[in-house]
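*Asks:* Dropping a structure here in structure tokens format, bear with me for questions.
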Amino acid sequence: MKKIILSKCFLHVVLLTLAFCLFPVLPAFTQEDIVNRLDKALGVTLPSEYKSKVKAFVQGSKVLEGLGVIPTEKFIKEQMKEDWGINKQNQLLFIWDAIYEQITKKNFYDGEDGNKQRLDDFENALDKIEACGKKYKQDYKAYMEQQSAEAKREIVRLNSIGVKQAAEFYDLYIKNPNTIKKEELNTLIKNTKGFIEDCKKRNIDYKAILRKELGDEQKVKDLLKFYGAE
């Protein structure tokens, strides 16, 4: 009974590990978009004539998909804490415009909407708006590089666990092949083969892990042949 449970646990670990490697983990936000969340968090909303433009930009931007929304939302909150000496609603608009320019090299505020106070605020905050755009680019890049590094470390860790599980199951199966059904065995072999192929692509020394687990070079070769990996 214990051996049967171990084999099913192995299948579960392999599937979870493969899922993590092949599909990015995205933030579990509500259905509200970033614009609506910021409205609530800041107590300030975009001017009505620009809100739909910003929403359309957010929905169509590849940069703001998935993880990209996290540093953007944090950045806007931090910038709104600063006192630019202008109307806060206009400040929010100009922050969004600075982000928009960094991503598209264009602007959606052109000073021609007929709002004199907004135009005056824009002219008074030109230096801050320019600095805001540059800082967004730096912060966004730093955040994504950090996330990429952390994801790679986690994938290596999970791959190491998966390789060890593959070795444990192989040893279990060789000693008593009747502990697992044929259809489960086929699923395990298929997924483990794909898992090892993923290790190859990521330059993970899976053979070193297997040698440590199995303690024998021939056993490593037999295991890889068993899984159809080499």
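The values are calculated or read from the model by the stated rules, or taken from the named source; none is laboratory data. Owing to the predicted nature of the structure, the values given are computational and were not obtained by experimental measurement. Positions of Cβ are generated from backbone atoms using ideal geometry, with glycine treated the same way; all protein chains shown enter the neighbour counts.
*Asks:* Kindly state which helices (runs of 4 or more DSSP H) lie completely within the range 112-230 and contain at least 3 residues that are more than 30 Å from Glu78 (Cβ to Cβ) and not hydrophobic (A, V, I, L, M, F, W, C). Break it down into steps so the answer makes sense when it comes.
*Replies:* Values: elements: 116-124, 126-175, 182-201, 206-214, 217-226.
Passing ranges, in order: 126-175, 182-201, 206-214, 217-226.
*Asks:* I've got another one for you. Which of the residues spanning the range 181-223 are within 24 Å of Ala151 (Cβ to Cβ) and free of Cβ contacts under 8 Å to residues at least 40 places away in the same chain?
*Replies:* Lys193, Ile196, Glu197, Lys200, Lys201, Asn203, Asp205, Lys207, Ala208, listed by residue number.
*Asks:* A further question on this structure: Taking Ile95 as the residue in question, decide whether it is modelled with pLDDT under 95, assigned to a helix (DSSP H, G or I) and either touching a Phe, Trp or Tyr at 6+ places or on another chain (Cβ under 7 Å) or crowded, with 17+ Cβ neighbours inside 10 Å (or both).
*Replies:* No: the conditions fail for Ile95.
*Asks:* Shifting gears a bit: Every residue in the range 98-115 that is modelled with pLDDT of 95 or more, in contact with an Asp or Glu (Cβ under 8 Å, 6 or more places away or on another chain) and polar (S, T, N, Q), please.
*Replies:* Selection gives nothing.
*Asks:* Hey, another quick one. Pairs please, first residue from the range 127-149 and within 18 Å of Thr104 (Cα to Cα), second anywhere and assigned to a helix (DSSP H, G or I) and of a type in the set (Phe, Trp, Tyr), Cβ atoms under 6 Å, 6+ apart in sequence or on different chains.
*Replies:* Pairs that qualify, where the first residue is within 18 Å of Thr104 (Cα to Cα) and the partner is assigned to a helix (DSSP H, G or I) and of a type in the set (Phe, Trp, Tyr), are Ile129/Phe94; Tyr136/Phe75; Asp139/Phe75.
*Asks:* Based on what the data block shows, is Glu101 of a type in the set (Asp, Glu), in the same structural domain as Leu46 (by TED's automatic domain parsing), outside any loop (DSSP other than H, G, I, E, B) and touching a Gly at 6+ places or on another chain (Cβ under 6 Å)?
*Replies:* So Glu101 fits the description; yes.
*Asks:* Quick one: Asp97 ticks every box in (1) in contact with a Lys or Arg (Cβ under 7 Å, 6 or more places away or on another chain); (2) within 19 Å of Lys51 (Cβ to Cβ) bar one, so which box is it?
*Replies:* (1)
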